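Some notes on the structure that comes next.
The values are calculated or read from the model by the stated rules, or taken from the named source; none is laboratory data. Bear in mind the structure is a predicted one, so any value in this text is a computation, not a measurement. No Cβ is skipped: glycine too gets one built from the backbone with ideal geometry, and neighbour counts run over all protein chains shown.
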Ligand SMILES: [Zn+2]
Ligand SMILES: [Zn+2]
């Protein structure tokens, strides 16, 4: 399982993915800038490595654009398929969505944690009232 922390590097302004193998320093693979430090290598989610936030949420790494595109194709083909293209694309969408892995996001800085499946049971999907608390940081 590849564990990756993904975020925007403030130095080179790139969206970077840093493989995490238990080290305490998170370095930008692009420019070497220190992105943050893991306070507890046994538990990354003790505190976000990028900011002082201790709250995280589960989200789907699903490409909304792709989902809409598939739907649009289904709608275009309605006249030729007597409407059967709609349930077909719906199923394709659903299958795609199921395949897409969950990721964890920090509420405050939005940085993403890929490949931490064993930790997912500790977290819930995005909760609006918690999100509001961190709105000012984004
Ligand atoms: Zn960088
Ligand atoms: Zn954070």
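Things to note:
- All of (1) in contact with a strand residue (DSSP E or B) (Cβ under 8 Å, 6 or more places away or on another chain); (2) farther than 27 Å from residue 136 by Cβ; (3) not in a helix (DSSP H, G or I) hold for residue 41 with one exception: (1).
- Some residue of the stretch 70-81 being in contact (Cβ under 8 Å) with a residue 60 or more places away in the chain, surrounded by fewer than 17 Cβ atoms within 10 Å (Cβ to Cβ) and not in a helix (DSSP H, G or I): no
- The condition of being surrounded by 16 or more Cβ atoms within 10 Å (Cβ to Cβ) and away from ligand 1 (no atom under 16 Å from the Cβ) holds for only one of 18, 5, 38, that being 38.
- Of the residues screened, residue 12 is one that is touching a residue at least 12 places away in the same chain (Cβ under 8 Å), over 16 Å from the mean Cα position of the chain (by Cα), surrounded by fewer than 16 Cβ atoms within 10 Å (Cβ to Cβ) and not in a strand (DSSP E or B).
- For the stretch 113-123, the criterion of a residue being in contact (Cβ under 8 Å) with a residue 60 or more places away in the chain, assigned to a helix (DSSP H, G or I) and in contact with a helix residue (DSSP H, G or I) (Cβ under 8 Å, 6 or more places away or on another chain) is satisfied by at least one position.
- The single residue among 47, 108, 98, 54 that is on the phi < 0 side of the Ramachandran plot, modelled with pLDDT of 95 or more, away from ligand 1 (no atom under 16 Å from the Cβ) and loosely packed, with under 15 Cβ neighbours inside 10 Å turns out to be 54.
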